[in-house]
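> Have a look at this one before I ask anything.
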Amino acid sequence: MSAPSPQFEMPAGACDCHMHFYAADTPSAPGGPPVPGHFDLAQYRALQARLGLQRVVVVQPNAYQFEHRVTRAALRELGNAARGVAYVRPETSDAAFAMLTAEGVRAARIFELPYGACGFDDMAAVMERAHSFGWHANVQLDGRQLPDREAALRALPGNFVIDHIGKFLEPVTLDHPAFVSLLRLLDTGRCWVKLSAPYEVSKTGAPRYEDVGQLARRLVQHAPERMLWASNWPHPSEPIGAKPDDADLLHLLLDWAPSEARRRAILVDNPARLYGFA
């Protein structure tokens, strides 16, 4: 795909805070969805060059559950320009935690939706272990559950990240109790939100995804210092031939965060602080 016409200047150190790698020769693990295709490091590096991205957070896919060989191989190859999010169990050994940490993992994935390998039932026990290694919780759920989950999230040690603008499976209004719950969590000073994947839940659709976009704009206004941007490449929920253009998703920041200073914070400064990039 040819490079898009630049719509804003990408700052040095820009980070994609959520994406996945898949290998066609590595089958899905028991309990996981099918592997959506072959999406490797060379393909992703081409995307980085196209968009002007330099740092990345590699998230363990649900397809592979607790089998991290594909994610770990990518982290080793990417080196200090990458961090990772892994699935771990309460009984994961200290040695395994130390190995993953040395390879760049900085968060435990909590996924309270179909195919999640670790959900809220194990979250407290997992994070008690993970926090001691400097990890935070990376949480994906139907955002409409946030009022019922708010106390458990507040009880977590350290930081926690909410994926995909809250991922309200039915987009909500700005005054909806679930969105107000998300704002309250931001007010703890420990909650971060990824501005990503509006296409997964939007009913109004491309190019602006306005029903989700209004939530993104409000979140940026409320806590710009804890917003992150992510591509969600290779968009595993979307069929081949119907995947969104990553440049179009990036350029939504012009609407959600019109200020150049805020875009720099979202793309560079915030992820550097959370994930420990130099």
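Bear in mind these aren't lab numbers, they're just calculated from the coordinates by the rules spelled out. Everything numeric in this text was worked out from a predicted model, so none of it was measured. Here the Cβ positions follow ideal geometry from the backbone for every residue, glycine too, while neighbour counts run over all protein chains shown.
> Of the residues V35, V193, V105, which exhibits the maximal mean-square fluctuation in a Gaussian network model of the chain defined by a 10 Å Cα contact cut-off?
Per the Cα network of the chain with a 10 Å cutoff, V35 tops the list.
> If I take every Cα pair under 8 Å that is 6 or more residues apart in segment 53-183, average their sequence separation and divide by the length, what percent do I get for the relative contact order? Walk me through the numbers on the way to the answer.
Working: 202 pairs, mean separation 24.9, N = 131.
Relative contact order comes out at 19 percent.
> To make sure I understand, if each residue's beta carbon is the centre and we count other beta carbons within 10 Å, what order do F8, F168, F277 fall in, fewest to most? Mind showing how you got there, number by number?
Numbers: F8 14, F168 23, F277 18.
Lowest to highest Cβ neighbour count: F8, F277, F168.
> Is segment 208-259 rounded, prolate or oblate when judged by the Cα gyration tensor, a ≥ b ≥ c being the square roots of its eigenvalues, rounded requiring a/c under 1.5 and prolate requiring a/b larger than b/c? Don't skip to the end; give the middle numbers.
Details: a/c = 2.28, a/b = 2.05, b/c = 1.11.
The shape class here is prolate.
> Measuring from centroid to centroid over Cα atoms, what is the spacing of segment 261-278 and segment 132-178 in Å?
Here the two parts' Cα centres lie 20 Å apart.
> Taking K and R as +1 and D and E as -1, what net charge do the other residues with C-beta under 12 Å from the C-beta of D122 add up to? It would help to have the intermediate numbers written out before the result.
Values: positive: R89, R109, R129; negative: E91, E112, D121, E128.
Overall, the nearby charge balance is -1.
> Mind telling me which of K243, K167, K194 comes out most flexible in a GNM of the chain, alpha-carbon contacts under 10 Å?
K243
> Here's a follow-up. Taking the Cβ of P90 as the center, what net charge do the other residues with Cβ under 9 Å away carry, scoring Lys and Arg +1 and Asp and Glu -1? Don't skip to the answer; put the middle values down first.
Details: positive: R89, R129; negative: E91, D122, E128.
Its environment carries a net charge of -1.
> How large is the helix-only mean residue ellipticity at 222 nm for the chain, computed as the sum of -39500 (n - 2.57) over DSSP H runs with n ≥ 4, divided by its residue count, in deg cm²/dmol to the nearest 500? Intermediate results must be reported in sequence, preceding the final value.
Details: 11 runs with 95 residues, N = 278.
About -9500 deg cm²/dmol.
> Further question: So how strong a dipole does the chain carry about its Cα centre when Lys and Arg Cβ are +1 and Asp and Glu Cβ are -1, to the nearest 20 debye? Could you put the intermediate results ahead of the total?
On the way: 28 positive and 31 negative charges, 112 e Å.
Computed about the Cα centre, the dipole is about 540 debye.
> Moving to a separate point now. Between beta-carbons, use under 13 Å as the cut-off and find the net charge around N232, counting Lys and Arg +1, Asp and Glu -1. Please list the in-between numbers first.
Values: positive: K167, K194, K243; negative: D16, D163, E200, E238, D245, D246, D248.
Local net charge: -4.
> Okay, next question. Shape verdict for segment 19-103, please, from the Cα gyration tensor: rounded (a/c under 1.5), prolate (a/b greater than b/c) or oblate.
Working: a/c = 2.46, a/b = 1.25, b/c = 1.97.
Here segment 19-103 falls in the oblate category.
> Of M127, M99, M227, which has the largest mean-square fluctuation in a 10 Å C-alpha GNM of the chain?
It is M99.
> Which label marks the calculated value of semi-axes √(5λ) of the Cα gyration tensor in Å, given the options (1) 25, 23, 19; (2) 35, 21, 18; (3) 53, 21, 15?
Entry (1).
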